[in-house]
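The values are calculated or read from the model by the stated rules, or taken from the named source; none is laboratory data. These numbers were taken from a predicted model, which means no experiment stands behind them. Note that each Cβ is placed from the backbone with ideal geometry, even for glycine, and that neighbours are counted across all protein chains shown. Accessible surface is based on the protein model in full, side chains and every heavy atom, while ligands, DNA and RNA are left aside. Shrake-Rupley method; radii C 1.70, N 1.55, O 1.52, S 1.80 Å.
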Amino acid sequence: MKKLLTAMLTIALSVVTALSLTACGKKDDASSVQKAGKLVVGVTIYEPMDYLDADGNWTGFDAELAQGFAEELGVNCQIVIINWANKVAELNSKQIDLIWNGMTASDELGGQIDFSVSYAKNAQVAVVKSDSTITTKEQVKTASIAVEQGSAGATVTEEIGAAKVNKVTAQIDALNEVKAGTSDVAIIDITMAQSVVGKGDFANLKIVSGVSYGDEIFAVGLRKGSNLKEKLDAYLKAKYADGTITKLAEKYSVGLNTDALAA
């Protein structure tokens with residue numbers, strides 16, 4: 001009888017636990033973050049979204065927003081560099097809490113992680129040396145192309161059937177490949193290209209006029225079912241409503257997805 005009662009209690013507890021989980025339906029990442037006292041944000045060096053200033057401090061459109069969100073949660077913001085190709089694994093293994101790095105909200109990624117409300121728009125462009133004779137999509141297709149592994153630019157090379165693709169760790173590395181002459185073209189985000197091409201270290205590079213690929217939207221990546229999403233969406237919409245995001249967009253020359261932010 002005692003064994004029977006024990007078994008029945010075990011089953012009852014299991015049912016209650018299952019019902020509780022079903023009722024909640026979300027991973028309590030918010031409590032975990034607050035308990036840890038820090039929000040860990042995964043990025044790559046990607047100007048104007050996330051990059052280091054002259055003093056070695058994180059700055060950029062996404063970096064400022066991430067720091068503001070951490071403050072809203074009452075925790076510190078810890079920005080860490082990740083391998084972009086491993087971003088989903090980093091997120092799901094809880095090495096990071098969010099992917100906040102001008103990330104394209106693609107259907108493929110949407111099957112693996114959740115997205116915040118979209119806050120910016122983007123497209124892919126081709127970058128070449130200033131004296132390059134590459135001017136068309138057909139010429140880009142047959143050239144040697146540098147792209148960030150796992151990026152929207154890498155997807156473009158697959159879609160156009162590019163024959164020579166050099167996959168690197170970050171978009172900045174793709175630009176350095178063109179600068180060094182080891183690749184003819186870099187396919188990167190227009191957001192980054194407009195921020196750095198033709199200036200400083202990349203003064204000898206240019207964006208190929210009239211060559212762009214796709215219309216994309218940026219969003220923050222979260223674990224599937226994370227209860228941080230509700231807080232993050234509310235934060236992004238509030239910061240758009242009070243003008244903060246618009247000011248940041250002007251400061252960093254980022255195109256906003258105003259329809260989503262205002263909804």
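Observations, loosely collected:
- Test for residue 99: is it within 23 Å of residue 60 (Cα to Cα), within 15 Å of the chain's Cα centre (by Cα), open to solvent by less than 30 Å² (accessible area, probe 1.4 Å) and aliphatic (A, V, I, L, M): yes
- Condition met for residue 70 (touching a helix residue (DSSP H, G or I) at 6+ places or on another chain (Cβ under 7 Å), among the small types (Gly, Ala, Ser) and either surrounded by 15 or more Cβ atoms within 10 Å (Cβ to Cβ) or outside any helix (DSSP H, G or I) (or both)): no
- Qualifying residue in segment 174-187 (condition: farther than 13 Å from residue 213 by Cα, surrounded by fewer than 16 Cβ atoms within 10 Å (Cβ to Cβ) and not β-branched (Val, Ile, Thr)): yes
- For residue 152, the criteria (1) under 18 Å from residue 218 (Cβ atoms); (2) hydrophobic (A, V, I, L, M, F, W, C); (3) more than 19 Å from the chain's Cα centre (by Cα) hold in every case but one, which is (3).
- A count restricted to segment 147-161 and to residues that are open to solvent by 20 Å² or more (accessible area, probe 1.4 Å) and touching a residue at least 12 places away in the same chain (Cβ under 8 Å) stands at 7.
- Residues of segment 44-67 classified as part of a loop (DSSP other than H, G, I, E, B), hydrophobic (A, V, I, L, M, F, W, C) and buried (at least 19 other Cβ atoms within 10 Å of the Cβ), total: 1
- Just one residue in the set 91, 39 is surrounded by 21 or more Cβ atoms within 10 Å (Cβ to Cβ), part of a helix (DSSP H, G or I) and in contact with a strand residue (DSSP E or B) (Cβ under 7 Å, 6 or more places away or on another chain); that residue is 91.
- Scan of segment 238-247 for residues that are part of a helix (DSSP H, G or I) and surrounded by fewer than 20 Cβ atoms within 10 Å (Cβ to Cβ), ordered by number: 238, 241, 244, 246, 247
- Only residues that are over 24 Å from residue 29 (Cβ atoms), more than 16 Å from the chain's Cα centre (by Cα) and outside any helix (DSSP H, G or I) were counted in segment 248-263, giving 1.
- Filter result (surrounded by fewer than 21 Cβ atoms within 10 Å (Cβ to Cβ), more than 27 Å from residue 62 (Cα to Cα) and hydrophobic (A, V, I, L, M, F, W, C)) within segment 105-146: 134, 143
- In segment 44-64, residue modelled with the lowest pLDDT [restricted to those that are in contact with a helix residue (DSSP H, G or I) (Cβ under 7 Å, 6 or more places away or on another chain) and among the hydrophobic types (A, V, I, L, M, F, W, C)]: 45
- Each residue in segment 218-237 was checked for being of a type in the set (S, T, N, Q) and either surrounded by 19 or more Cβ atoms within 10 Å (Cβ to Cβ) or assigned to a helix (DSSP H, G or I) (or both), and 1 pass.
- Remark: pairs (first residue in segment 250-263, within 19 Å of residue 235 (Cβ to Cβ); second residue open to solvent by 90 Å² or more (accessible area, probe 1.4 Å); Cβ separation under 8 Å; 6+ apart in sequence or on different chains) = 256/121; 257/121.
- Among residues of segment 204-232 that are among the acidic types (Asp, Glu), those with a Cβ under 9 angstrom from a residue that is open to solvent by 10 Å² or more (accessible area, probe 1.4 Å) and in a loop (DSSP other than H, G, I, E, B), sequence gap 6+ or separate chain, pair up as 216/105; 216/106; 230/26.
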